[in-house]
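Heads up, the thing below is written out as structure tokens.
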């Protein structure tokens, strides 16, 4: 099957997408999901260096970086990962990325290095660490997002193409949804997309199945 948008974004009607966002971020009178703290945990951070705040932030998305992997990320091989982040360049919206996202794209190489060099870090944790450093550029991946969008073979390039179609119509719609809910401008278009997609999967009772997806103790999760 080909990559598909979540059902909430397949029609012009924004009702369901807005409900997902309001529920996730606690804007409908209920308690916000723990994942809402991921976006701004720890305040302003060095964009080119992984920090302890990043390791804590991903726990709000129901995954845990193993202790020795964290030590390697933050201490032993910190300069290697800083070099990869600098090569990727400053954060920018995925819709504006002109380069095709192939295996040699710097973001893909960063994601691969996190998985190859950090024991216990798989595609889910790696994507969430990448999204902490480049929240406008790198989307979050997990098995729920995979099953909703059928991103079994690829996610970043198909999503980039969807965002760029129709002169960036989807990108602009995601920003409009964010603003209508009253979310901070620091929450990127692809983060809005991730929340809508994940909430749709949760409604369908899809559960994480990746080996590196550790369910959180607090509910609601992610």
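Before moving on, here are some points about what is shown:
- Angle of helix 78-88 to the longest C-alpha principal axis of the chain, folded into 0 to 90 degrees and rounded to 10: 50°.
- Tensor-based shape of the range 85-213 (alpha-carbon gyration tensor, a/c under 1.5 rounded, otherwise prolate or oblate): oblate
- The relative contact order of the range 24-87, computed from alpha carbon pairs under 8 Å that lie at least 6 residues apart in sequence, is 30 percent.
- Per-residue Cβ neighbour rank within 10 angstrom, fewest leading, 128, 133, 202: 202, 133, 128
- Across the range 7-203, Cα pairs under 8 Å and at least six residues apart give a relative contact order of 23 percent.
- Here 197, 59 are placed in order of increasing Cβ neighbour count within 10 Å, fewest first, which gives 59, 197.
- Helix 156-181 and the longest principal axis of the C-alpha atoms of the chain enclose an angle of approximately 60°.
- Shape class of the range 28-73 from the alpha-carbon gyration tensor: oblate, with a/c at 1.5 or above and b/c at least as large as a/b.
- On Cα atoms only, tilt of 189-203 relative to the major axis of the chain in degrees: 70 degrees
- Over the C-alpha trace of the chain, radius of gyration and Dmax come out as 16.4, 49 angstrom.
- Top of 201, 166, 107 by mean-square fluctuation, Gaussian network on the chain, Cα under 10 Å: 166
- Three-way shape call for the range 1-120 based on the alpha-carbon gyration tensor, with the a/c threshold at 1.5: oblate
- Computed [θ] at 222 nm, deg cm²/dmol, the chain (DSSP H ≥ 4; -39,500 (n - 2.57); rounded to nearest 500): -14500 deg cm²/dmol
- Relative exposure of 109, 136, judged by other C-beta atoms within 10 Å (fewest first): 109, 136
Taken together, the values in this text are just the output of simple stated rules run on the coordinates, not laboratory data. Please read all numbers here as calculations on a predicted model, not as lab measurements. Cβ: placed from backbone, ideal geometry, glycine included. Neighbour counts: every protein chain shown.
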